[in-house]
Amino acid sequence: VQLQASGGGLVQAGGSLRLSCVASVSIFSLNSMNWYRQAPGKQRELVGSISSGDNTYYADSVKGRFTISRDNAKKMMYLQMNSLKFEDAGIYYCNAVEIAPTYRVYWGQGTQVTVSS
């Protein structure tokens, strides 16, 4: 599975961005799809995830502001980011986990999000 993230850019604080992640194959069977981010000098952190059953999880820092969704037919996952803060800046990576028939983790390349004043 190859993943490609896009949609990053420069946005003012308080603004919105929508990130997209497209998969090279069907995402229907993927156990979960996830968004991570990494700010300069910091470890990569989980922003949120969506399961194959559309259950979602969000890090406390983004809860209420970010929304993850997936479109199985289009092989896409999205991250709608609203009310962006300076601390949301970083490189955002999409990730997918497959647990059957074998456990595998797939990573896409990152997309840069910059938040300005």
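Label the chain by shape, choosing from rounded, prolate and oblate, from the square roots a ≥ b ≥ c of the eigenvalues of the Cα gyration tensor; if a/c is under 1.5 it is rounded, and otherwise prolate applies when a/b is larger than b/c, oblate when it is not.
Working: a/c = 1.87, a/b = 1.78, b/c = 1.05.
Judged from the Cα gyration tensor, the chain comes out prolate (a/c at least 1.5, a/b above b/c).
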Worksheet item: How far apart, in nm, are two points set 7 Å out from the Cα along the Cα-to-Cβ line at Ala59 and at Lys85?
Response: 1.1 nm
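Once R0 is set to 35 Å, what does the formula 1/(1 + (r/R0)^6) return for the Cβ-Cβ distance between Asp71 and Ala13, expressed as a FRET efficiency to the nearest 0.05? Provide the component values of the computation, followed by the final result.
Details: r = 29 Å, r/R0 = 0.83.
Between Asp71 and Ala13 the formula returns 0.75.
Ignoring ligands, DNA and RNA, what percent of the 1.4 Å accessible area of the stretch 7-117 is carbon and sulfur? Could you put the intermediate results ahead of the total?
Values: 2950 of 5820 Å².
In the stretch 7-117, the share of accessible area belonging to carbon and sulfur is 51 percent.
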Worksheet item: If the cut-off is a Cα-Cα distance under 26 Å, which lysines reach Lys75, setting aside same-chain residues fewer than 8 apart in sequence?
Response: Lys63
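How much accessible area per residue does the stretch 44-101 have, counting only protein heavy atoms and a probe of 1.4 Å, in square angstrom?
Values: 2850 Å² over 58 residues.
Heavy-atom SASA per residue in the stretch 44-101 reads 49 Å².
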Worksheet item: Which of the chymotrypsin sites (Phe, Trp or Tyr not before Pro) found in the stretch 1-97 are loop residues per DSSP with 12 or fewer other Cβ atoms within 10 Å of their Cβ?
Response: Phe28
Response to the item:
Taking a label point 7 Å from the Cα of Arg104 along Cα-to-Cβ, the residues of the stretch 1-41 whose backbone nitrogen sits under 17 Å from it are 1-4, 22-34
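Write out the trypsin sites (Lys or Arg not before Pro) in the stretch 41-72 meeting two conditions: DSSP loop, and at most 13 other Cβ atoms within 10 Å of their Cβ.
Working: sites: Lys42, Arg44, Lys63, Arg65, Arg70; in loops: Lys42, Arg44, Lys63, Arg65.
Listed in order of number, the matching sites are Lys42, Lys63.
The values are calculated or read from the model by the stated rules, or taken from the named source; none is laboratory data. These figures come from a predicted structure and were not determined experimentally. Backbone-built Cβ (ideal geometry, glycine too); neighbour counts: all protein chains shown. Calculation scope for accessible area: heavy atoms of the full protein, side chains included, ligands and nucleic acids excluded. Shrake-Rupley method; radii C 1.70, N 1.55, O 1.52, S 1.80 Å.
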